[in-house]
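To start, the structure under review is shown below, and the notes come after it.
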Amino acid sequence: MSTAQSAPYVIDLEKEREEIISRYKDLLRSIPGERTREGTRMIRKAFNIAVEAHKEQRRKSGEPYIYHPIEVARICAAEIGLGATSVTAALLHDTVEDTDLTLDEVRDMFGPTVATIVDGLTKISGVQFQTDSMQAENFRKVLLTLAQDVRVILIKLADRLHNMRTLDNMPRDKQLKIASETLFLYAPLAHRLGLYNIKNQLEDLSLKYKEPEIYNEIETKLKKGEAVRKRFISRFTLPIKESLDKEGFTYEIKGRPKSIHSIYNKMLKKNVTFEEVYDVFAIRIIVDTKHELEKADCWRVYSFVTDHYQPSPDRLRDWISTPKGNGYESLHTTVMSPGGRWVEVQIRSKRMDEIAEMGLAAHYRYKSDEEHANALDAMLNKIRETLNDPGSSALDFVNDFKLNLFSDEIMVFTPKGEMINLPSGATALDFAFEIHSQVGRQCIGAKVNHKLVPLSQTLRNGDQIEIITSKKQQPKDDWLNYVVTAKARHKIKQALREQKKKLAGVGREVVQQALREWGAKFDTENIVALRDYFHSSNSNDFFWQVARGRNDLAALKDPVVKNGRLFLPKQERPKDERTLEEVIKEIRGTEGSALTLGDELTRIDYKLSPCCNPIAGDDVFGFITANDGIRIHRVNCPNAIQLMSNSAHRIVKARWKGKDSVEFLAGIRFKGMDAVGIVNKITSIISREHNVNMRSISFDSNDGIFEGKVMAYVHDADHLRSLMDKLRRVPSLNMVERVDS
Ligand code: MN
């Protein structure tokens, strides 16, 4: 990495022109595959336009600005393997944002594809990231852009890489901000897309600016150990080379140190010094072989390696049989060297190596731009799977996606030893759905490493999982809390919807039968009548509630039926009270935030409003008065609606706590035929049978009609209700009701 402090820049226009042309030619040479004439023409046009548009601009270093887009385009071509369309867009990537060129002009000159990419790049650069807690909404914008054309992200990564390479000229605070952002957002993105080379560079450069001392220390030590390392590697690889030569392999062996960032991570994670990190380098054997022989040849190489060195059995990674989600293919093993040191050996074909260095784009580097775009689309489709869950809200969607995109994958195994990749944090239930949606639906638990665990168990790298199923099992609502993969979420939601539909079918039959028994027709009109009676807004929901036993048809007993038409009484909408409650809830949040009444510990100044005389157990709410503290009203208080609509902001939700500690004054009114001893009967019910303290009682008798009112202290609404029930059983009383004041 050459990032020496630059000397003051001296402007020499003639020399600059030459330099621009030479860099442009360099760019053209780096474009993979054969270029069409149109491709070349398009690139030249983009180059000319970019030169013109940026001609007045210079970078912080003093250099002409155009160096930047040319270099970004070159990275796209040489380091990511992108073709003419991307190179064109890369050359233009800063024009719309920084110069007078408009997007419409770009579209007129280069067509919709290039314009869309340039537009995406312009939009991304307008998004402000907060590295600590990035706003979900901003993140979503980036992802939506990504979903439009993945080349936007690839070019953005190239742009970021060049900016990181030229970060020296920025002030310190900017360096820190850009470096953190790179580490937080762009390096993981590169990783997910399989661009290991770019990911490593981004991480190393970030570390260089974030922790310069540590970075320099590791860099120096790596340099110092280079000669020793080279000697070791050539000694180590000698017997392997002999075997490979004997078998006639065409191959290349590299002994490359790992990235500084990954060494630093190891030091942190294992709490060791640089000297104690045993695998600062890995040996890579790249065989040049035909596509169909790749796998067999890689394993042959593996057998040569292990002929000479003892492998560590738990460190074999076969990403050839099962490539990583981002396309990475390679065979990794760790073997013991004669010096008693573990050495990681990576074995792969030339094609696999290119993919590992440049990501999936490399697959198609020798093909046409169009095929290339198709391949990228295929990769994008995989990412889109995650986006395809229509039920998830914007935030869910970001969380799902972020999880799948950024967290490292874990590898787990089936009982037969088949490897499954899952995002880390995945549970046994995720695993079940990954195997098959049927297995997922019927999952009742799992054995992880032969131990029985619940289906919500979080899996760890290397776990072996056996799913236990039952035909009787069905997905439950709370399963959605136990899964992280988009696939499992989607399947569970789908199953829940199906269940509801099925149940609605059962309910429909129940309704059909009930109507038949009543002698009523099973038609829309009658169903609507029933729906209205049960306050159900749509038929499916109504049937569903019938099947669940929430809408009780039996409670209707013998409804009036004339000519097959069903006539139902207007049912007092029980929801009316609830609606008000719900409104209060909406305004004041959940139970937890309610004002607790009857709790001696909370000394909240409240008074029970005399207009409706609430008692414990009544549904109540608090109303903040202007100068008399909080007044408690019953939810069905005649004044409630008015209070609600005029001063909703002064409503507080309230609920009752203890019962027996408090007594409330309640009134009961009754009416009936005058009879001998009725006064005695009533007072004895109230005072003796219920052990209630009466405050006042009054009777009035007129023309044989007996009327009375009692004010008594009760504990709560239930208490009052049972008292009234007892009074109703007095034969001569035919009306008993609560009075509010
Ligand atoms: Mn740029």
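The values are calculated or read from the model by the stated rules, or taken from the named source; none is laboratory data. What you see is a predicted model; the values in this text were computed from it and never measured. Using ideal geometry, Cβ is built from the backbone for each residue, glycine included, and neighbour counts are taken over all protein chains shown. Only protein heavy atoms, including side chains, enter the accessible area calculation; ligands, DNA and RNA are left aside. Shrake-Rupley method; radii C 1.70, N 1.55, O 1.52, S 1.80 Å.
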ask   = Do we have Asp288 as touching a strand residue (DSSP E or B) at 6+ places or on another chain (Cβ under 9 Å), closer than 17 Å to Gln346 by Cβ and open to solvent by 40 Å² or more (accessible area, probe 1.4 Å) here?
value = yes
request  = Mind counting the residues in the stretch 82-102 that are more than 16 Å from the ligand (Cβ to nearest atom) and farther than 19 Å from Glu38 by Cα?
outcome  = 2
key: Residue within the stretch 210-220 that is more than 16 Å from the ligand (Cβ to nearest atom), of a type outside the set (A, V, I, L, M, F, W, C) and crowded, with 18+ Cβ neighbours inside 10 Å present   = yes
query = Got a sec? Which of Ile668, Ile685 is outside any helix (DSSP H, G or I) and modelled with pLDDT of 70 or more?
reply = Ile668
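Answer yes or no as to whether Ala73 is within 11 Å of the ligand (Cβ to nearest atom) and either in contact (Cβ under 8 Å) with a residue 60 or more places away in the chain or assigned to a helix (DSSP H, G or I) (or both).
Judged against the criteria, Ala73 is a match.
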inquiry  = What are the pairs with Cβ atoms under 6 angstrom where one residue, in the stretch 487-499, is open to solvent by 30 Å² or more (accessible area, probe 1.4 Å) and the other, located anywhere, is of a type in the set (Ser, Thr, Tyr)? Sequence gap at least six, or different chains.
reply    = Lys491/Ser437
ask   = If the Cβ limit is 7 Å and pairs must be 6+ apart or interchain, which residue in the stretch 32-56 that is within 12 Å of Thr88 (Cβ to Cβ) pairs with which residue that is open to solvent by 40 Å² or more (accessible area, probe 1.4 Å)?
value = Gly39/Asp369; Lys45/Met109
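Can you name the residue in the stretch 86-112 that is surrounded by fewer than 23 Cβ atoms within 10 Å (Cβ to Cβ) and polar (S, T, N, Q) and is also nearest to the chain's Cα centre (by Cα) among such residues?
In the first step, residues of the stretch 86-112 are kept if they are surrounded by fewer than 23 Cβ atoms within 10 Å (Cβ to Cβ); the result is 96-105, 107-112.
Applying the additional criterion that residues be polar (S, T, N, Q) yields 99, 102.
Details: Thr99: 37, Thr102: 36 Å.
So, considering only residues that are surrounded by fewer than 23 Cβ atoms within 10 Å (Cβ to Cβ) and polar (S, T, N, Q), the one nearest to the chain's Cα centre (by Cα) is Thr102.
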note = Here the residues within the stretch 116-168 that are within 16 Å of the ligand (Cβ to nearest atom), more than 28 Å from Ala84 (Cβ to Cβ) and modelled with pLDDT of 80 or more are Leu167
query = Picking from Asn461, Asn481, Asn449, which residue would you name as being at positive phi and surrounded by fewer than 17 Cβ atoms within 10 Å (Cβ to Cβ)?
reply = Asn449
task = Output the number of residues of the stretch 263-284 satisfying the condition of being of a type in the set (Gly, Ala, Ser) and surrounded by 18 or more Cβ atoms within 10 Å (Cβ to Cβ).
result = 0
ask   = Considering only the stretch 30-58, how many residues are part of a helix (DSSP H, G or I) and surrounded by 15 or more Cβ atoms within 10 Å (Cβ to Cβ)?
value = 11
request  = Look at Ser61 and say whether it is assigned to a helix (DSSP H, G or I), more than 14 Å from Tyr24 (Cβ to Cβ) and either within 16 Å of the ligand (Cβ to nearest atom) or touching a Leu at 6+ places or on another chain (Cβ under 8 Å) (or both).
outcome  = no
